[in-house]
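To start, the structure itself, in structure tokens.
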Amino acid sequence: MDDFGRPGQAGLLDPLGPARLREALSAEELERSTFLTNARLLLGELIRSEQRATAEGNLNRDFVRVMAAEMRMPERYGEWQSYGKVTREEDVWPLHVLRVVLQVAGLIRKYGGAFRITRRGRDLSGPAEAGVLFAHLFRTFFGRFNLAYLDQREDDPLLHATFPRLLWAIGRLADEWMCVRILRERVLLATDPLEILEESELEREGVASYLAYRALSQFQSRIVWPLLDFGLLESRVDPDVADPAGQPRAEIQQVRKTPLFDRFVQFEATGAVAPGTEVAWLKVTLKDIRPPIWRRIEVPLTFSFRQLSDVIVAAFQWSNSHLHEFKIGKRMEPGERSIGMAEALEDFPRFFGPPVEDDRTVGLAGVLERGGRLVYSYDFGDDWELSVSVEDISAAAEGTIYPRVTGGRRSAPPEDCGGVWGYEEIVTALAGPAVDADDAEGVERLEWLREHYPYFLPEHFDRDTINEWVRNPEPFWE
């Protein structure tokens with residue numbers, strides 16, 4: 001199974017959802033988190049030197065042996081030992097999962113045949129940023145990483161969407177030691193009573209027991225064990241079991257919350273915006289592309305322009321790894337404004353135009369007005385320009401979660417494809433006959449597309465999936 005990422009899964013990542021993660025935690029408070037400790041170890045090693053990747057795209061074996069000797073292994077794995085002269089990354093499963101999650105989180109990347117730390121990974125690697133790193137890893141693990149990869153079984157996309165409810169139920173039920181089986185049953189009763197009734201009916205009808213045990217095993221491998229690794233749960237063998245040898249782990253393992261659970265996770269009653277909040281209805285269209293690629297977005301006026309940028313990038317399913325800028329008004333005329341990444345754009349030479357205002361501090365209210373227009377630029381290499389039209393401003397609908405996408409057309413161009421002309425070459429190549437083997441540039445472009453965007457379909461538009469991205473906008477990283 002190589003589908004280890006589930007981009008756009010909402011659930012925990014919804015910024016207006018019920019689960020709020022506290023980032024202002026110290027490295028000392030997070031000391032019991034095995035996953036964070038190992039993540040900081042791996043990031044630190046990649047700061048010292050990049051590491052060669054294998055042909056399969058894994059960490060090289062020499063580095064695997066070094067990491068395995070220094071990592072804190074979860075108790076269920078016991079003491080790791082190398083029984084042979086060769087050690088593959090997948091032989092050390094906690095390291096393999098860690099590396100995959102760090103890639104999905106945008107903290108490391110494989111480039112030029114080697115694993116390297118990204119700018120964002122470097123920024124979050126220090127002890128002062130431990131709380132922010134911990135929250136980012138937690139959101140990635142339970143929001144974007146495919147939890148089915150942990151046990152190599154069938155996918156369960158509903159688990160991602162309902163994870164905040166599971167987390168809420170565990171927080172209410174796991175104050176005292178409790179068997180994993182009992183915890184799962186009570187969590188299901190608190191979140192989905194119909195599911196537990198269906199399982200009981202199957203048991204009464206004598207359906208094969210492995211079905212029930214498989215669900216318990218998946219709850220353990222995809223929920224309980226990761227929460228143990230993050231330090232939110234602790235475990236022990238049930239002291240009332242006379243002979244635990246040979247008993248399934250899920251039957252004898254007891255768990256309970258650690259103090260970190262309640263310090264880290266808080267729950268809000270609603271995900272809707274406050275009553276009376278005004279919402280801007282925007283149509284965002286990529287320039288110079290036909291047929292047009294566009295999205296209709298509704299965003300609260302309480303947002304900053306940096307938040308609007310994050311939402312636009314998510315609506316086009318880009319990575320948010322490039323610089324951006326909003327331009328308002330006509331060039332060289334009164335009222336012209338530039339709102340963007342002042343902390344980064346100040347290094348760019350600007351011979352004309354107004355100074356860049358910091359988009360983190362400029363709010364949409366007072367700038368956007370009904371019928372207004374502005375231009376959004378993203379990625380100054382590919383030079384994507386998007387026109388933003390303010391179609392309406394109205395009060396938020398009661399009970400509606402914002403931001404959201406209400407319509408659109410076509411897939412956005414693959415990121416880093418070379419701008420408009422590169423995108424047009426890709427679309428032409430996909431629509432036409434097979435690329436001539438003598439056309440080296442065309443062959444290379446299609447090989448790049450198949451490697452980085454194997455499922456790209458130019459005419460595809462999936463509003464539900466895009467809304468999952470929009471409700472979990474990835475902040476800027478490089």
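This table checks each residue for (1) in contact with a helix residue (DSSP H, G or I) (Cβ under 9 Å, 6 or more places away or on another chain); (2) loosely packed, with under 13 Cβ neighbours inside 10 Å; (3) closer than 17 Å to Ala412 by Cβ; (4) at pLDDT 80 or above.
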{"residue": "Ala431", "(1), (2), (3), (4)": "no, yes, no, no"}
{"residue": "Ala437", "(1), (2), (3), (4)": "yes, yes, no, no"}
{"residue": "Ala440", "(1), (2), (3), (4)": "no, yes, no, no"}
{"residue": "Val443", "(1), (2), (3), (4)": "no, no, no, no"}
{"residue": "Glu451", "(1), (2), (3), (4)": "no, yes, no, yes"}
{"residue": "Phe456", "(1), (2), (3), (4)": "yes, no, yes, yes"}
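Picking from Glu398, Glu369, which residue would you name as being assigned by TED's automatic domain parsing to the domain that holds Ala342, farther than 17 Å from Ala344 by Cα and touching a residue at least 40 places away in the same chain (Cβ under 8 Å)?
Details: Glu369 fails: touching a residue at least 40 places away in the same chain (Cβ under 8 Å).
On inspection, the qualifying residue turns out to be Glu398.
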- For Leu137, are the conditions met, namely being under 12 Å from Leu42 (Cβ atoms) and surrounded by 16 or more Cβ atoms within 10 Å (Cβ to Cβ)? yes
- What's the number of the condition Ser125 fails, among (1) outside the structural domain of Glu56 (by TED's automatic domain parsing); (2) not in a helix (DSSP H, G or I)? (1)
- Note on the structure: Reported set for segment 48-72 where residues are touching a helix residue (DSSP H, G or I) at 6+ places or on another chain (Cβ under 6 Å) and either part of a loop (DSSP other than H, G, I, E, B) or within 11 Å of Phe115 (Cα to Cα) (or both) is Gln51, Asn58, Leu59, Met71, Arg72
- Message: Please pick out the residue among Gln9, Gln51, Gln81 that is at pLDDT below 80 and more than 19 Å from Tyr149 (Cα to Cα).
- Response: Gln81
- Task: Determine which single condition His324 fails, assuming it passes every other condition in (1) farther than 17 Å from Glu415 by Cβ; (2) touching a helix residue (DSSP H, G or I) at 6+ places or on another chain (Cβ under 8 Å).
- Result: (1)
- Item | Failed criterion for Leu374 (all others in (1) under 27 Å from the mean Cα position of the chain (by Cα); (2) surrounded by 12 or more Cβ atoms within 10 Å (Cβ to Cβ); (3) under 18 Å from Val313 (Cβ atoms) hold) | (1)
- Message: Here's a check for you: in segment 229-256, which residue that is at pLDDT 85 or above and more than 13 Å from Trp177 (Cβ to Cβ) is surrounded by the most Cβ atoms within 10 Å (Cβ to Cβ)?
- Response: Leu232
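Would you call Leu386 hydrophobic (A, V, I, L, M, F, W, C) and out of contact with any helix residue (DSSP H, G or I) (no Cβ under 9 Å at 6 or more places or on another chain)?
No; evaluated as a whole, the condition is false for this residue.
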- Message: Being of a type in the set (Phe, Trp, Tyr) and modelled with pLDDT of 90 or more is the requirement here; does Phe141 meet it?
- Response: yes
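The values are calculated or read from the model by the stated rules, or taken from the named source; none is laboratory data. Because the structure is predicted, anything quoted here is derived from the model rather than measured. Neighbour counts run over all protein chains shown; Cβ positions are idealised from the backbone, glycine included.
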